[in-house]
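Inspection log for the structure reproduced underneath, given as structure tokens.
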Amino acid sequence: MKLNVIGVGVGRTGTYSLKLALQALDYGPCYHMEEVARDLPNHLPLWQSALAGSPNWTSLYAGYGSAVDWPTAGFYEELYAVYPDAKFVLTTRSPESWSASFASTINTLIDGKENAPPAMWEWLDMACAVIERTGFTIGSTSERFEQDFAAHNERVKAAIPESQLLVFEVAQGWDPLCAFLGRDVPVSPFPRSNNREEFWELVKGAGA
């Protein structure tokens, strides 16, 4: 199995909903930051190596048909080089709404690392490093978050050929995603998951 669909949108853009949608379309299992959080001994060292310049993409994505969210989104250029035939999905939303969501979830979690159990600190350090290599700085102002979010999206659109890239808001539902992937539209509603409350529930499971 190899990656056929790669999500290059950052966290808090509907990446968990996209994960569920891709799995419903038989592009699963789908890799998400949740995979790292729930199996730190196996996944964390691989991402630490990737950050150090020695990625092992085969091991990282073994058994997965798709990947979304950070850390994946922080390596979109490298992944395009390794998987040139894959399709890429840039999940997005308004910079203002993204900034508010990011600030109250991921930024709060990492910026307050000392409030988390020590067993989570290495994971949070890795997440911080990935986020920073994607062009963001933890602890920035809302205005700066918005600017960096827009800049990331523009960099992705410049790096991935238009024919292989779908710019997608999960509120659009199944139609654009299925048209892009060449799949029939499911009868079931498009999945909606990982609001701010669900985010903190997922965090509680980190390392469990």
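Structure notes:
- Pair list, Cβ under 9 Å, 6 or more apart: the stretch 109-120 residue closer than 16 Å to Gly11 by Cβ and touching a residue at least 60 places away in the same chain (Cβ under 8 Å), other residue among the polar types (S, T, N, Q) and part of a helix (DSSP H, G or I): Leu109/Asn115
- Filtered by the rule that a residue be assigned to a helix (DSSP H, G or I) and over 17 Å from Thr13 (Cβ atoms), the stretch 127-147 gives Cys128, Ala129, Glu132, Arg133, Glu143, Arg144.
- Matching residues in the stretch 61-76 - criterion: being over 10 Å from the mean Cα position of the chain (by Cα) and more than 13 Å from Ala50 (Cα to Cα): Ala62, Gly63, Tyr64, Gly65, Ser66
- Residues located in the stretch 160-196, provided they are without any contact (Cβ under 8 Å) to a residue 24 or more places away in the chain, of a type outside the set (Val, Ile, Thr) and either outside any helix (DSSP H, G or I) or more than 23 Å from Phe102 (Cβ to Cβ) (or both): Pro161, Glu162, Ser163, Gly173, Asp175, Pro176, Ala179, Gly182, Asp184, Pro189, Asn195
- First in the stretch 67-85 and free of Cβ contacts under 8 Å to residues at least 60 places away in the same chain, second anywhere and assigned to a helix (DSSP H, G or I) and aromatic (Phe, Trp, Tyr), Cβ under 7 Å, 6 or more apart: Pro71/Trp47; Val82/Trp57
- Unmet criterion (only one of (1) buried (at least 18 other Cβ atoms within 10 Å of the Cβ); (2) assigned to a helix (DSSP H, G or I); (3) out of contact with any strand residue (DSSP E or B) (no Cβ under 8 Å at 6 or more places or on another chain)) for Ala73: (3)
Values quoted throughout were computed directly from the atomic coordinates according to the rules given, and no laboratory measurement underlies them. Just so we're clear, the structure is a prediction, and the values are computed from it rather than from any experiment. Heads up, the Cβs are rebuilt from the backbone with ideal geometry, glycines too, and the neighbour counts pull from every protein chain shown.
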